[in-house]
Structure formats: C-alpha cells, structure tokens
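To keep things clear, I will list the structure first and then write my remarks on it.
No lab work stands behind these numbers, since they all come straight from the coordinates. In this text, all values refer to a predicted model and were calculated from it rather than measured experimentally. Here the Cβ positions follow ideal geometry from the backbone for every residue, glycine too, while neighbour counts run over all protein chains shown.
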C-alpha cells in the first residue's frame, strides 16, 4: 500500500436534512447493509480483515454518518417533526443491531478469522476489535435458540423505544414549566441571572422576569434567591418533572417507563444466562463483579460519610445561628451553603463570573492543550450550521488538520439539558482514505445577554474542560479501526478518565492566569480572589461525595436486586440508599428518579458508579503531573500516547499502568477532595 493517504474531513450538511427523508434513508441503508453482509459471506470461505472486517466497518460507518446528525439535532434543536423521524428510526436500528449480533454465519466467520493462522497478520487494534466483536455476538444472543433469539430482539427494540420515551418525557416536562416573577420576588438573585430572566421574558413577549427549568435559570434561584417560597416552588417543579407529583402531576409520567425498562433489562440479562442486569452491564466494563462495585462504593461511603455528616451539621448550625432557621429544607441547602461559603471564604461563583468570559475561557482551554500536547485550535467560520450559537473548530498538529469539533455552549428551549460529547465522525482508514475524527461538544451555559458576553461560573468552566477531555479522547486517537478508535471499545467505567483528568487545570494558578480575564479590563483573577477560590475548592466535598454515591448505589442496587414491582419499589430502593448514604433529608414529593436520564435514557444503567471509578483513575493520573510539573511536555506526551491515542485498542488497566507505572491508588482522589484517608 502506498504511504500517501487522502484525508477526508467531510462534515454533515445540516441544512439539507429533510425530516421526511430520514426514516426512508435509514431503512434503505439497513436493507443495503443486510444484502451486502450476505454477499460478503457468500463470496468467500476464507475470511480476512480485508474481505470481512473492513467492508463491514465501511457499511456501518455509512449508516452512522447518515443517522448521527439526525440524532444530534434531535438532542439540540428538537421539533415534533424531527422527534417523529428520529423515533421512527430507533426500532429499525435496534432490529438491525440485533440482526447483526445474532447472525450465526457472520459470527462463525469472525470466529474462523480469530482461529485461523491469518489472525497473526492482524495488528493489535484489529485483534482487539475482533475479540470485542466475538464477545458482543455472545451478548447479543447469537447462541440462543430461535424463539429466544426473536424474543431477545423484541426486548432490545422495546428498550430502545422506552429510552427515547423517557428522554422525551423529561424534555417535555422541562419545557412545560415557566413562571413570571417580579424583581422583588427575585431579591438576592445576581444581576447576570436577572438579565437572563429579563431577556427570557422579552423573548416570550411577557412583562417582568421569566424563570424556567433550564439549569442557568433555576439554579441561581435555588442558590441566591432570598424568597424561600419561590425557592420551594422552583425546587418542586424541577424535582417532580415527568412524575405523579408537582405542577404537572401525571403528565409525561415516567413511572411506567422506568418499571417496564427494569423488567425488560432483567429479562434480557437472564436470557443470556446472567443472574441480573448488573452482571450483563459489567461484561463490557473494567470492574469484574457486582460485589467489587458495591464494595468500592461502600468503601468510599465509609471514608467520606463522617465528614459529610459534619458538613451537614455545620450548615444547619450556621443557618440557625445566622438566619434563625429552625429547619434547612432541601430547597434551602443551596441558599445557605452559598451564604456559608461567602462567610467562610469571602467568595461566590458570581464573584468569579466576570473573570470567565466564554471566549477567554475557550482560548485558555486551547492554550492548556497546546502546552500539554503540542496541538493548535483555530476557528472555522464558513460551514453548514444548524444554530447561530454553534461554532466549528479545527485541531491542527504542526499545521496539519487532524480533527474538528462543533461547540454548542448555551442553553435554549428544545435542547436537551446537561453537557455531553458525541462522535460525529470516527477516525478510520478506508483503503487509501483516512477519515478524520469530528466531535460534537455540547453544554447548557447561560447565553450572552444584550451586549455582554456569556460569563461562566467556575463550575461551568470545569464542565467545559470535562467535555473537551472527552473530545480529545475522540479526536487524538491514533487508531484507524473504527471499533477501537477514540472512545469506541473503551469500557464505560474508564471512559471518564480523560474528561475528569482535564478538569484539574481549572484549579491551577499557573493555568488560571491565562484561562481567566475580566470581560471589561482583561485583568486575570486577582490573587486574593484566586486564593479564596482555591481555599473553597473542597467546601462541602463530603456532602458532594455522598450525593454521587447515593446516585451510584441507587442505580447499581436497583438493577442488581430488581425482582419485579412498581414505581413504589423504585422509590423504596432510593429511600433505603438515602437512609444509609444521604445526609440531606429529601421531601416526600421528590421524584428525582423520574428524570434520571443517565440510567433510564442514556448509557449509564448499572454504570453510574463509573464516574467515581474513573475519578480514582483520573486523580491518580494527575498526581504524576503534580510530581513532574503540570505542563511537563514529556508527561503530557506519555498521557497522550498511552491513554488518548490508544483509544479502545488496549485494556484500560494496561494503559493506566503504562502511564503511571503501577495500578491505581484511591489516596489521590481522597486528597483532591479534601477527605482524610
């Protein structure tokens, strides 16, 4: 093969997407793919990477490239027509995935390739992709009898529909609630949030101020608003979304969706010979057994619980002594915590916001990764866009284009909440053509108001770095086999390592010197403000740890012990976990689980523990930079080579040991969180 490769950096043409064409196009591609797979199997009895693995990868990539922009738009610019087109494709894609996974002749072809002598000609990435594929065939029920195979496919299809329904209900419930408020009702809320509420009211054609359940709108109310009744109203609206409680009780209720999902997941796992869904989940993860995961979470609970309880008592004492509050309700926690933070450290997130204009934070982020990895980021102005807020950037190495990414930073109606990275194009090699990776990076920050630029809180800054860490994992991969390129093939409980790892630079004075800059004067964070921010880094870290452990144990125990029941059963599991792990009393109307999209509408089912698992890896990996220097280029090159470039081509423990020189240690995580070991 020639050393000359043609690089492809093709981008989606969003403006040419016609919702009426989406389902027919996907259907046609699936039918074409099935016919081509059969043709491949009938064309040879001796299988190689060239006549089996490569053409199937090509077929799947074409399907992904067709559906990826549709899926993305459904998340960031949803409409009734787009949602209908997207949902019409889900059962088709689920059925196709099941058809591929249960195709016995295809499985035997892969097995023959793994067994025959030609397998020695495969490189490491191809061998890992082949090993993963054989595992996934078994997990797709390839060995099941005919009727059970058919039932497995029906279960997968229904679970896909339920996941989409869960997300739709959460989005509809979120969009349905808003409230006009007066300036007097919003006393205490910072000017930046007031300006956003004023702008929202103007855009809606109403007087006064408008608050809603988008994070940049409701969070400042819960954190700063002096009006406890309004705090409760906003808290209740948010905590009861898609449930039988709250202002829209019974509308978009996810109770039955959750129960059916749990039933079908258990059934799916048992069809494959697993006792419960956690065992099936761990079959593709870094952790080995359910007992290991539960033990890990309970160890963290044991090490952090006393500190969490002390912090909760401190907060109650402060609220009583300073404000005469006899009770600290769930809707009061953010408010009094912010008051305590300001008293103890003379700092709030709002003090930092003027020093973190979005453009400055972005240029600082790009400077960090340039120092670490020698890559340069530049904006591309002319491209087929889907919203005026969205930007496109190129990633350059020694002046050569190596990747691209879309950046969609701001909250808006009909956009899914939260923050995420998703693949638009995967790095892969097709004959003489190298397809460059392209990523979607999405956040939900407060948008610019009037002539003032978007100003980030420090929490939003760490979110930006987190998602860009995922993006680098996708974009800096050196793999050319799609199945192990970027985050593909990386176990779910290791995939958060690069994202959590990059957050560390948000706390380093040397980095903050060029990440921050006042939006009017350009002045970096003043020394006193920086010192106070760093001192407050681990404020209530025990309570924060308890909250994440509560979510993780609820998810894991729910899937591990589910043996049937109803929405009350789900609630009882959550209540039991809260009694052991939580520290803040939760009101009876709270239905957090009904909008827990990570596990019911996303990929974290029986896997939410992954955040804490990967945090151990990321804290320990960063401790090497603390030893060597935070911008040590040799250390940065090692991390890039052993972790980022490797993608899913090697086991994560092997990759971690190659970088760190030993297995991970929990101590750096506890130290970074300010929790005594």
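Tell me the relative contact order for segment 397-439 as a rounded percent, counting alpha carbon contacts under 8 Å between residues six or more apart. Working shown, then result.
On the way: 39 pairs, mean separation 18.7, N = 43.
Worked out over segment 397-439, it gives 43 percent.
Determine by what factor the alpha-carbon radius of gyration of segment 177-239 differs from 2.2 N^0.38 Å, reporting the quotient.
My calculation over the Cα atoms of segment 177-239 gives 0.96.
Given N residues in segment 435-554, what is Rg(Cα) / (2.2 N^0.38 Å)?
On the way: Rg = 17.5 Å, N = 120, 2.2 N^0.38 = 13.6 Å.
Rounded to two decimals, the normalised Rg is 1.29.
Please give the helix 54-76 orientation as an angle from the longest Cα principal axis of the chain, in degrees from 0 to 90, rounded to the nearest 10.
20
Report the relative contact order of the chain, percent, no decimals, based on alpha-carbon pairs under 8 angstrom and at least 6 residues apart.
Working: 1076 pairs, mean separation 114.3, N = 677.
Across the chain, relative contact order equals 17 percent.
Only bridges with both residues in the chain count here: give the DSSP antiparallel percent, nearest 5.
Numbers: 27 of 36 bridges.
Antiparallel: roughly 75 percent of the beta bridges in the chain.
Enter the angle in degrees (range 0 to 90, nearest 10) between the Cα long axis of helix 80-101 and the first principal axis of the Cα atoms of the chain, meaning the one along which they spread out most.
The angle comes out near 40 degrees.
Just for the Cα atoms in segment 315-439, what are the lengths along the principal axes, largest first, rounded to whole Å?
72, 34, 26
Expressed as a rounded percentage, what relative contact order does segment 602-677 have, with Cα pairs under 8 Å and six or more residues apart?
Working: 48 pairs, mean separation 27.7, N = 76.
Once normalised by length, the contact order is 36 percent.
Obtain the nm distance between the two label points defined at residue 27 and residue 589 by a simple spin-label model: each point lies 7 Å from its Cα along the Cα-to-C-beta direction.
Simple spin-label model gives 4.6 nm for this pair.
Report, in whole Å, the centroid distance computed from the Cα atoms of segment 346-372 and segment 147-213.
One Cα centre to the other: 27 Å.
For segment 84-171, evaluate the Debye formula with one uniform point scatterer on each Cα (no solvent term) and list log10 I(q)/I(0) at q = 0.12, 0.15, 0.20 Å⁻¹, rounded to two decimals.
Each listed q corresponds, in turn, to -0.48, -0.67, -0.91.
Between 0 and 90 degrees, rounded to the nearest ten: what's the tilt of helix 333-345 against the longest Cα principal axis of the chain?
70
Go ahead and estimate [θ] at 222 nm for the chain from helices alone: -39,500 (n - 2.57) per DSSP H run with n ≥ 4, summed, over the residue count, rounded to 500. Provide the component values of the computation, followed by the final result.
Details: 26 runs with 375 residues, N = 677.
Computed ellipticity for the chain at 222 nm equals -18000 deg cm²/dmol.
Averaged across orientations, what area in nm² does the convex hull of the alpha carbons in segment 423-479 project? Present the calculation step by step, with values, prior to reporting the outcome.
Values: hull surface 20.5 nm².
With the hull built on Cα positions only, its mean projection is 5.1 nm².
Could you tell me the distance between the Cα centroids of segment 553-608 and segment 8-49, to the nearest Å?
Segment 553-608 and segment 8-49 have Cα centres spaced 39 Å from each other.
What value in Å³ per residue do you get for the convex hull of the alpha-carbon atoms in segment 525-586? Don't jump to the answer; show the numbers that get you there.
Values: hull volume 6.3 nm³, N = 62.
That works out to 101 Å³ per residue.
Between segment 467-500 and segment 611-663, how many Å separate their Cα centres?
About 13 Å separates the Cα centre of segment 467-500 from the one of segment 611-663.
To the nearest 0.05, how large is the calculated FRET efficiency for residue 62 and residue 547 if R₀ is 45 Å and r is the Cβ-Cβ distance? Numbers along the way, then the final one.
Details: r = 43 Å, r/R0 = 0.95.
Approximately 0.60, to the nearest 0.05.
Any idea what the alpha-carbon Rg over 2.2 N^0.38 Å comes to for the chain?
So the Cα radius of gyration is 0.96 times the expected 2.2 N^0.38 Å.
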